[in-house]
Amino acid sequence: MNDRSQLSKFGISTQLSMLGRNPDEQSGFVNPPLFKGSTVVYKTLDDLQNRRNRFPYGTAGSPTIANLEASWTHMTGAAGTVLSPSGLGSVALALLATTKSGDHILVTDSAYGPTRRFCDGLLARYGIQTTYYDPLLGSDIESLIKHNTSVIFLESPGSRSMEIQDVPAIVAVAKKHGVKVIADNTWATPVFFQAHAHGVDISVEAGTKYLGGHSDILLGLASANEELWPALRATYDAMAMLPGADDCILALRGLRTMHLRLKEAERKALDLAAWFKARPEVRAVLHPAFESCPGHAIWARDFKGSTGLFSVVLDEKFKKDELSRMLDNMSIFSMGFSWGGYESLIVPFNCKDLRTATTWPYEGYALRIQVGLEDLDDLKEDLRQGLERLH
Ligand SMILES: Cc1ncc(COP(=O)(O)O)c(C=O)c1O
(Lines give C-alpha, C1' and ligand atoms only; values in the text may rest on other atoms or scores of the structure.)
Protein backbone atom coordinates (compact mmCIF):
# COMPACT_ATOMS: atom_id res chain seq x y z
CA MET A 1 0.00 0.00 0.00
CA ASN A 2 1.35 3.45 -0.88
CA ASP A 3 -1.72 5.56 -0.11
CA ARG A 4 -0.34 8.48 1.88
CA SER A 5 -3.63 9.50 3.49
CA GLN A 6 -4.40 6.00 4.74
CA LEU A 7 -0.89 5.14 5.91
CA SER A 8 -0.05 8.37 7.68
CA LYS A 9 -2.35 7.62 10.58
CA PHE A 10 -0.05 4.74 11.59
CA GLY A 11 3.26 4.81 13.45
CA ILE A 12 6.49 4.75 11.47
CA SER A 13 7.21 1.03 11.93
CA THR A 14 3.68 0.14 10.80
CA GLN A 15 4.03 2.36 7.76
CA LEU A 16 7.36 0.73 6.87
CA SER A 17 5.73 -2.68 7.19
CA MET A 18 2.78 -1.83 4.94
CA LEU A 19 4.45 0.30 2.26
CA GLY A 20 5.02 -1.05 -1.23
CA ARG A 21 3.02 -4.26 -1.02
CA ASN A 22 -0.56 -5.37 -1.47
CA PRO A 23 -1.22 -9.10 -0.90
CA ASP A 24 -4.67 -8.78 -2.57
CA GLU A 25 -2.90 -8.05 -5.86
CA GLN A 26 -0.06 -10.53 -5.25
CA SER A 27 -2.04 -13.79 -5.15
CA GLY A 28 -1.98 -13.47 -1.38
CA PHE A 29 1.80 -13.45 -1.14
CA VAL A 30 3.09 -11.05 1.48
CA ASN A 31 5.85 -9.55 -0.65
CA PRO A 32 5.51 -7.79 -4.02
CA PRO A 33 6.68 -9.63 -7.15
CA LEU A 34 9.96 -8.87 -8.90
CA PHE A 35 9.62 -7.42 -12.43
CA LYS A 36 12.74 -7.55 -14.59
CA GLY A 37 12.97 -6.53 -18.20
CA SER A 38 13.59 -4.14 -21.03
CA THR A 39 10.80 -4.70 -23.55
CA VAL A 40 7.17 -3.91 -22.87
CA VAL A 41 4.67 -5.08 -25.51
CA TYR A 42 1.60 -3.25 -26.85
CA LYS A 43 -1.74 -4.73 -27.88
CA THR A 44 -2.45 -2.55 -30.93
CA LEU A 45 -0.61 -0.39 -33.44
CA ASP A 46 -2.41 2.64 -32.07
CA ASP A 47 -1.27 1.82 -28.52
CA LEU A 48 2.29 1.37 -29.78
CA GLN A 49 2.34 4.64 -31.71
CA ASN A 50 0.97 6.53 -28.72
CA ARG A 51 3.20 4.69 -26.22
CA ARG A 52 0.02 3.71 -24.37
CA ASN A 53 1.54 1.69 -21.55
CA ARG A 54 2.25 2.60 -17.93
CA PHE A 55 5.92 1.90 -18.72
CA PRO A 56 6.53 2.47 -22.46
CA TYR A 57 9.94 0.77 -22.19
CA GLY A 58 12.11 -0.62 -19.38
CA THR A 59 14.08 2.61 -18.99
CA ALA A 60 10.89 4.34 -17.82
CA GLY A 61 10.78 1.95 -14.86
CA SER A 62 8.83 -1.13 -13.89
CA PRO A 63 6.22 -2.00 -11.26
CA THR A 64 9.10 -2.94 -8.94
CA ILE A 65 10.88 0.38 -9.43
CA ALA A 66 7.65 2.37 -9.21
CA ASN A 67 6.82 0.57 -6.00
CA LEU A 68 10.06 1.60 -4.34
CA GLU A 69 9.78 5.14 -5.72
CA ALA A 70 6.25 5.50 -4.34
CA SER A 71 7.27 4.07 -0.97
CA TRP A 72 10.09 6.59 -0.69
CA THR A 73 7.82 9.43 -1.83
CA HIS A 74 5.54 8.52 1.05
CA MET A 75 8.41 8.34 3.55
CA THR A 76 9.86 11.70 2.53
CA GLY A 77 6.57 13.55 2.03
CA ALA A 78 7.76 14.47 -1.48
CA ALA A 79 5.86 14.90 -4.75
CA GLY A 80 7.95 12.19 -6.44
CA THR A 81 11.12 10.10 -6.26
CA VAL A 82 13.57 8.75 -8.83
CA LEU A 83 16.18 6.08 -8.21
CA SER A 84 19.82 5.76 -9.24
CA PRO A 85 22.31 2.91 -9.16
CA SER A 86 24.25 4.67 -6.33
CA GLY A 87 23.92 7.48 -3.83
CA LEU A 88 26.50 9.46 -5.79
CA GLY A 89 24.33 8.97 -8.88
CA SER A 90 21.44 10.63 -7.07
CA VAL A 91 23.62 13.55 -5.94
CA ALA A 92 24.64 14.02 -9.59
CA LEU A 93 21.06 13.73 -10.83
CA ALA A 94 19.81 16.33 -8.34
CA LEU A 95 22.54 18.77 -9.35
CA LEU A 96 22.01 18.20 -13.07
CA ALA A 97 18.26 18.78 -12.63
CA THR A 98 18.80 22.19 -11.07
CA THR A 99 21.73 23.73 -12.96
CA LYS A 100 22.66 24.93 -16.42
CA SER A 101 25.81 26.21 -18.03
CA GLY A 102 26.81 29.59 -16.59
CA ASP A 103 25.29 28.94 -13.14
CA HIS A 104 26.99 29.27 -9.80
CA ILE A 105 26.28 26.88 -6.92
CA LEU A 106 27.05 26.89 -3.21
CA VAL A 107 28.17 23.59 -1.72
CA THR A 108 28.89 22.91 1.93
CA ASP A 109 32.59 22.52 2.70
CA SER A 110 31.65 19.39 4.67
CA ALA A 111 30.23 17.55 1.64
CA TYR A 112 31.03 13.92 0.85
CA GLY A 113 34.32 13.88 -1.12
CA PRO A 114 32.93 12.45 -4.39
CA THR A 115 30.18 15.13 -4.34
CA ARG A 116 32.96 17.74 -4.39
CA ARG A 117 34.73 15.88 -7.19
CA PHE A 118 31.52 15.88 -9.24
CA CYS A 119 31.18 19.65 -8.79
CA ASP A 120 34.85 20.45 -9.41
CA GLY A 121 35.12 18.06 -12.35
CA LEU A 122 32.04 17.40 -14.42
CA LEU A 123 29.98 20.46 -13.44
CA ALA A 124 32.98 22.76 -13.91
CA ARG A 125 33.52 21.26 -17.38
CA TYR A 126 29.94 22.24 -18.26
CA GLY A 127 30.49 25.82 -17.09
CA ILE A 128 29.01 25.60 -13.59
CA GLN A 129 31.09 27.26 -10.91
CA THR A 130 31.13 26.01 -7.31
CA THR A 131 31.83 28.01 -4.17
CA TYR A 132 32.25 26.03 -0.97
CA TYR A 133 30.80 27.51 2.21
CA ASP A 134 31.17 27.01 5.94
CA PRO A 135 28.50 24.46 6.96
CA LEU A 136 27.78 26.52 10.10
CA LEU A 137 26.95 29.72 8.18
CA GLY A 138 23.16 29.66 8.56
CA SER A 139 21.48 32.80 7.19
CA ASP A 140 24.87 34.48 6.63
CA ILE A 141 25.08 32.38 3.50
CA GLU A 142 23.21 35.27 1.88
CA SER A 143 26.49 37.16 1.39
CA LEU A 144 27.74 34.36 -0.93
CA ILE A 145 24.73 34.41 -3.26
CA LYS A 146 25.50 35.82 -6.69
CA HIS A 147 23.16 36.89 -9.49
CA ASN A 148 23.65 33.46 -11.14
CA THR A 149 23.48 31.23 -8.03
CA SER A 150 20.98 28.48 -8.74
CA VAL A 151 21.54 25.93 -5.96
CA ILE A 152 22.62 25.63 -2.36
CA PHE A 153 23.74 22.08 -1.59
CA LEU A 154 23.65 20.86 2.02
CA GLU A 155 24.79 17.75 3.79
CA SER A 156 23.75 17.64 7.42
CA PRO A 157 25.52 16.33 9.36
CA GLY A 158 28.62 16.73 7.21
CA SER A 159 30.56 13.73 6.00
CA ARG A 160 32.96 12.69 8.72
CA SER A 161 33.14 16.14 10.39
CA MET A 162 29.46 15.93 11.47
CA GLU A 163 28.49 19.63 11.54
CA ILE A 164 24.72 20.12 11.66
CA GLN A 165 23.43 22.81 9.32
CA ASP A 166 20.62 25.30 9.98
CA VAL A 167 18.38 24.11 7.17
CA PRO A 168 15.39 26.44 7.84
CA ALA A 169 17.69 29.51 7.97
CA ILE A 170 19.41 28.56 4.71
CA VAL A 171 16.08 27.72 3.04
CA ALA A 172 14.68 31.14 4.02
CA VAL A 173 17.61 32.91 2.34
CA ALA A 174 17.41 30.63 -0.71
CA LYS A 175 13.70 31.28 -1.19
CA LYS A 176 14.25 35.04 -0.98
CA HIS A 177 16.70 34.81 -3.89
CA GLY A 178 14.91 32.13 -5.96
CA VAL A 179 17.71 29.63 -5.27
CA LYS A 180 16.92 25.90 -4.99
CA VAL A 181 18.04 23.80 -2.03
CA ILE A 182 19.32 20.23 -2.31
CA ALA A 183 20.16 18.26 0.82
CA ASP A 184 22.03 14.99 1.21
CA ASN A 185 19.93 13.48 4.01
CA THR A 186 21.64 10.09 4.05
CA TRP A 187 22.72 10.20 7.70
CA ALA A 188 19.34 10.98 9.25
CA THR A 189 17.10 9.34 6.65
CA PRO A 190 13.49 10.59 6.48
CA VAL A 191 12.87 8.67 9.72
CA PHE A 192 14.91 11.20 11.72
CA PHE A 193 14.81 14.31 9.50
CA GLN A 194 12.00 15.35 7.19
CA ALA A 195 13.94 17.40 4.67
CA HIS A 196 10.98 18.56 2.55
CA ALA A 197 8.98 19.63 5.60
CA HIS A 198 11.99 21.82 6.46
CA GLY A 199 11.85 23.47 3.02
CA VAL A 200 14.38 21.42 1.05
CA ASP A 201 13.51 21.16 -2.67
CA ILE A 202 15.37 17.93 -3.50
CA SER A 203 16.41 15.45 -0.85
CA VAL A 204 19.03 12.82 -1.66
CA GLU A 205 19.51 9.53 0.12
CA ALA A 206 22.23 6.96 -0.47
CA GLY A 207 19.97 3.91 -0.10
CA THR A 208 23.21 1.95 -0.04
CA LYS A 209 23.40 2.80 3.67
CA TYR A 210 20.40 2.50 6.00
CA LEU A 211 17.73 1.57 3.48
CA GLY A 212 19.69 -1.43 2.17
CA GLY A 213 21.11 -2.01 5.63
CA HIS A 214 23.13 -5.11 4.72
CA SER A 215 26.04 -3.79 2.61
CA ASP A 216 24.86 -5.83 -0.35
CA ILE A 217 23.41 -3.14 -2.64
CA LEU A 218 24.32 0.22 -4.14
CA LEU A 219 21.30 2.50 -4.58
CA GLY A 220 20.37 6.17 -4.61
CA LEU A 221 17.07 7.97 -4.18
CA ALA A 222 16.26 11.60 -4.99
CA SER A 223 12.89 12.99 -3.95
CA ALA A 224 11.52 16.38 -4.96
CA ASN A 225 8.79 18.78 -3.88
CA GLU A 226 5.96 19.76 -6.28
CA GLU A 227 7.95 22.56 -7.89
CA LEU A 228 11.06 20.58 -8.76
CA TRP A 229 9.53 17.17 -9.39
CA PRO A 230 8.98 17.71 -13.16
CA ALA A 231 12.62 18.84 -13.63
CA LEU A 232 13.99 15.94 -11.59
CA ARG A 233 11.89 13.36 -13.43
CA ALA A 234 12.79 14.86 -16.84
CA THR A 235 16.51 14.74 -16.00
CA TYR A 236 16.17 11.13 -14.90
CA ASP A 237 14.27 10.26 -18.11
CA ALA A 238 16.98 11.91 -20.22
CA MET A 239 19.61 9.52 -18.86
CA ALA A 240 17.64 6.52 -17.58
CA MET A 241 20.36 5.50 -15.16
CA LEU A 242 18.28 3.08 -13.18
CA PRO A 243 19.17 0.41 -10.64
CA GLY A 244 18.61 -3.28 -11.23
CA ALA A 245 15.27 -4.67 -10.11
CA ASP A 246 16.90 -7.15 -7.69
CA ASP A 247 18.45 -4.27 -5.78
CA CYS A 248 15.06 -2.54 -5.60
CA ILE A 249 13.54 -5.66 -4.06
CA LEU A 250 16.34 -5.74 -1.49
CA ALA A 251 15.68 -2.06 -0.75
CA LEU A 252 11.96 -2.78 -0.26
CA ARG A 253 12.96 -5.55 2.12
CA GLY A 254 15.29 -3.11 3.90
CA LEU A 255 12.34 -0.76 4.46
CA ARG A 256 10.67 -3.27 6.78
CA THR A 257 13.45 -3.24 9.36
CA MET A 258 14.84 0.23 8.77
CA HIS A 259 13.27 1.83 11.84
CA LEU A 260 14.29 -1.08 14.04
CA ARG A 261 17.87 -0.98 12.76
CA LEU A 262 18.07 2.79 13.11
CA LYS A 263 16.86 2.73 16.70
CA GLU A 264 19.37 0.01 17.54
CA ALA A 265 22.19 1.90 15.79
CA GLU A 266 21.15 5.05 17.66
CA ARG A 267 21.19 3.32 21.04
CA LYS A 268 24.59 1.75 20.53
CA ALA A 269 26.19 4.84 18.98
CA LEU A 270 25.03 7.04 21.88
CA ASP A 271 26.48 4.57 24.34
CA LEU A 272 29.78 4.24 22.49
CA ALA A 273 30.12 7.99 21.95
CA ALA A 274 29.68 8.57 25.71
CA TRP A 275 32.24 5.83 26.35
CA PHE A 276 34.74 7.46 23.95
CA LYS A 277 34.24 10.81 25.69
CA ALA A 278 35.70 9.37 28.88
CA ARG A 279 38.78 7.89 27.15
CA PRO A 280 42.08 9.77 27.61
CA GLU A 281 43.13 9.12 23.97
CA VAL A 282 40.13 11.10 22.64
CA ARG A 283 40.19 14.87 22.20
CA ALA A 284 36.69 15.40 20.84
CA VAL A 285 33.53 13.42 20.18
CA LEU A 286 31.68 14.55 17.06
CA HIS A 287 28.23 13.05 17.50
CA PRO A 288 25.25 15.33 16.71
CA ALA A 289 23.50 14.38 19.97
CA PHE A 290 26.52 15.63 21.98
CA GLU A 291 27.07 19.28 22.83
CA SER A 292 30.65 19.04 21.59
CA CYS A 293 29.36 18.56 18.02
CA PRO A 294 29.15 21.81 16.00
CA GLY A 295 25.48 22.56 15.39
CA HIS A 296 24.24 20.29 18.20
CA ALA A 297 21.49 22.77 19.21
CA ILE A 298 20.14 22.69 15.65
CA TRP A 299 20.12 18.90 15.72
CA ALA A 300 18.15 19.01 18.99
CA ARG A 301 15.68 21.45 17.41
CA ASP A 302 15.14 19.79 14.02
CA PHE A 303 15.92 16.06 14.20
CA LYS A 304 13.87 13.23 15.67
CA GLY A 305 16.87 11.03 16.44
CA SER A 306 20.46 10.16 15.67
CA THR A 307 21.91 7.25 13.75
CA GLY A 308 24.93 4.98 14.07
CA LEU A 309 27.65 7.07 12.42
CA PHE A 310 29.84 9.48 14.36
CA SER A 311 33.46 10.56 14.65
CA VAL A 312 36.01 10.92 17.39
CA VAL A 313 39.16 13.00 17.20
CA LEU A 314 42.26 11.40 18.69
CA ASP A 315 45.02 13.17 20.56
CA GLU A 316 47.44 14.51 17.97
CA LYS A 317 50.38 12.71 19.60
CA PHE A 318 49.18 9.47 17.96
CA LYS A 319 50.84 9.13 14.56
CA LYS A 320 50.45 6.62 11.72
CA ASP A 321 52.46 3.83 13.39
CA GLU A 322 50.39 3.92 16.56
CA LEU A 323 47.19 4.11 14.54
CA SER A 324 48.26 1.10 12.45
CA ARG A 325 48.81 -0.87 15.63
CA MET A 326 45.26 -0.05 16.65
CA LEU A 327 43.46 -0.53 13.35
CA ASP A 328 45.37 -3.43 11.81
CA ASN A 329 44.46 -5.65 14.75
CA MET A 330 40.78 -5.03 15.42
CA SER A 331 38.66 -8.16 15.98
CA ILE A 332 35.18 -6.89 15.07
CA PHE A 333 35.55 -3.44 13.51
CA SER A 334 36.79 -3.62 9.92
CA MET A 335 38.26 -0.78 7.89
CA GLY A 336 36.15 0.06 4.89
CA PHE A 337 34.11 2.81 3.31
CA SER A 338 30.35 3.13 3.38
CA TRP A 339 28.16 2.58 6.43
CA GLY A 340 24.61 1.77 7.49
CA GLY A 341 25.14 -1.99 7.23
CA TYR A 342 24.90 -4.58 10.01
CA GLU A 343 28.67 -4.68 10.46
CA SER A 344 30.77 -2.21 12.41
CA LEU A 345 33.37 -0.20 10.51
CA ILE A 346 36.12 2.22 11.43
CA VAL A 347 37.89 4.66 9.10
CA PRO A 348 40.67 7.09 10.02
CA PHE A 349 40.61 10.54 8.45
CA ASN A 350 41.81 14.09 8.66
CA CYS A 351 39.58 16.63 6.91
CA LYS A 352 42.44 19.09 6.33
CA ASP A 353 43.02 18.06 2.72
CA LEU A 354 39.36 18.30 1.76
CA ARG A 355 38.57 21.76 3.14
CA THR A 356 38.73 24.92 1.06
CA ALA A 357 36.30 27.32 2.78
CA THR A 358 37.00 26.41 6.39
CA THR A 359 39.93 25.19 8.43
CA TRP A 360 39.62 21.80 10.08
CA PRO A 361 40.76 22.60 13.62
CA TYR A 362 42.43 19.30 14.48
CA GLU A 363 45.98 18.23 13.65
CA GLY A 364 45.82 14.55 14.46
CA TYR A 365 43.81 11.63 13.20
CA ALA A 366 40.09 11.25 13.67
CA LEU A 367 38.12 8.01 13.45
CA ARG A 368 34.74 7.62 11.82
CA ILE A 369 32.78 4.92 13.59
CA GLN A 370 29.93 3.03 11.93
CA VAL A 371 28.12 1.11 14.64
CA GLY A 372 26.70 -2.17 13.43
CA LEU A 373 24.36 -4.67 15.03
CA GLU A 374 26.95 -6.66 16.98
CA ASP A 375 26.76 -6.87 20.79
CA LEU A 376 27.63 -3.59 22.43
CA ASP A 377 29.94 -5.15 25.01
CA ASP A 378 31.94 -6.87 22.26
CA LEU A 379 32.25 -3.61 20.32
CA LYS A 380 33.38 -1.74 23.40
CA GLU A 381 35.97 -4.35 24.25
CA ASP A 382 37.31 -4.31 20.68
CA LEU A 383 37.64 -0.53 20.84
CA ARG A 384 39.14 -0.60 24.33
CA GLN A 385 41.85 -3.01 23.24
CA GLY A 386 42.41 -0.94 20.09
CA LEU A 387 42.87 2.30 22.02
CA GLU A 388 45.23 0.55 24.43
CA ARG A 389 47.38 -0.47 21.44
CA LEU A 390 47.88 3.23 20.65
CA HIS A 391 50.18 3.49 23.67
C1 LIG B 1 26.83 11.30 2.86
C2 LIG B 1 26.96 10.41 1.67
N3 LIG B 1 26.25 10.71 0.57
C4 LIG B 1 26.32 9.95 -0.53
C5 LIG B 1 27.12 8.83 -0.56
C6 LIG B 1 27.19 8.03 -1.83
O7 LIG B 1 26.55 6.82 -1.72
P8 LIG B 1 26.99 5.59 -2.66
O9 LIG B 1 28.09 4.91 -1.94
O10 LIG B 1 25.74 4.79 -2.76
O11 LIG B 1 27.39 6.17 -3.96
C12 LIG B 1 27.87 8.49 0.55
C13 LIG B 1 28.73 7.29 0.54
O14 LIG B 1 29.51 7.02 1.42
C15 LIG B 1 27.79 9.30 1.70
O16 LIG B 1 28.52 9.03 2.79
TODO: Before anything else, pin down the relative contact order of region 259-389: Cα pairs under 8 Å, at least 6 apart, normalised by residue count, whole percent.
DONE: 27 percent
Open item on the list: Using amide H atoms built in the peptide plane, which far-off residues or other-chain residues are under 5 Å from residue 213 H to H?
Closed with: none
Open item on the list: Based on alpha-carbon centroids, what's the gap between region 1-44 and region 190-247 in Å, whole number please?
Closed with: 18 Å
Task: Cubic angstrom per residue, convex hull over Cα atoms of region 142-188 - done: 78 Å³
TODO: Please calculate the 1.4 Å probe accessible area of residue 303, with all protein chains present, and give it to the nearest 10 Å².
DONE: 20 Å²
Task: Relative contact order (%) - the chain, alpha-carbon pairs under 8 angstrom, separation at least six - done: 17 percent
Task: Only Lys, Arg (+1) and Asp, Glu (-1) charged, at Cβ; region 1-124 dipole about Cα centre in debye - done: 120 debye
Open item on the list: If I ignore ligands, DNA and RNA and count only protein heavy atoms, how much of residue 142 is accessible to a 1.4 Å probe, in Å² to the nearest 10?
Closed with: 60 Å²
TODO: Order the peptides 95-101, 19-25 from the highest to the lowest mean number of other Cβ atoms within 10 Å of their residues.
DONE: 95-101, 19-25
Task: Dipole in debye (nearest 20) - the chain, about Cα centre, beta carbon charges: Lys, Arg +1; Asp, Glu -1 - done: 560 debye
Task: Residue-wise HN-Hα coupling along region 241-253, computed from phi with Karplus coefficients 6.51, -1.76, 1.60 (Hz; x: Gly, Pro) - done: 8, 10, x, x, 5, 4, 5, 5, 5, 5, 5, 4, 5
TODO: Express the Stokes-Einstein translational diffusion coefficient of region 153-273 in µm² s⁻¹, to the nearest whole number, given a Kirkwood radius over alpha-carbon pairs, 37 °C and a viscosity of 0.692 mPa s.
DONE: 210 µm²/s
- [ ] Would you work out which of 348, 72, 293 lies farthest towards the positive end of the dipole of the chain, given +1 charges on the beta-carbon of Lys and Arg and -1 on that of Asp and Glu, about the Cα centre?
- [x] 72
Open item on the list: Give me the percent of accessible area attributable to carbon and sulfur for region 259-389, probe 1.4 angstrom.
Closed with: 50 percent
Open item on the list: What does the charge count around residue 350 come to, taking other residues whose C-beta lies under 13 Å from its C-beta (Lys +1, Arg +1, Asp -1, Glu -1)?
Closed with: +4
Task: Rg/Rg_globular for the chain, with Rg_globular taken as 2.2 N^0.38 Å and Rg from C-alpha atoms - done: 1.02
- [ ] Using the structure shown, list the pairs from 277/320; 268/319; 9/180 with a Cα-Cα distance above 25 Å, or answer none.
- [x] 268/319; 9/180
Open item on the list: One quarter of the convex hull surface, Cα atoms only: what value does that give for region 322-378 in nm²?
Closed with: 5.0 nm²
Open item on the list: If R₀ is 45 angstrom, what is the calculated FRET efficiency for the pair residue 331 and residue 34, using the beta carbon separation as r and rounding to 0.05?
Closed with: 0.75
- [ ] Give the ranking of 134, 109 by solvent-accessible surface, highest area first, calculated with a 1.4 Å probe.
- [x] 134, 109
TODO: Report the semi-axes of the equivalent ellipsoid for region 259-389 in whole Å, largest first, where each axis is √(5λ) for an eigenvalue λ of the Cα gyration tensor.
DONE: 21, 20, 13
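The values are calculated or read from the model by the stated rules, or taken from the named source; none is laboratory data. All values reported here derive from a predicted model rather than from experimental measurement. Every residue, glycine as well, gets a Cβ built from its backbone with ideal geometry; the counts of neighbours run over all protein chains shown. Surface areas here come from the heavy atoms of the whole protein model, side chains and all, with no ligands, DNA or RNA. Shrake-Rupley method; radii C 1.70, N 1.55, O 1.52, S 1.80 Å.
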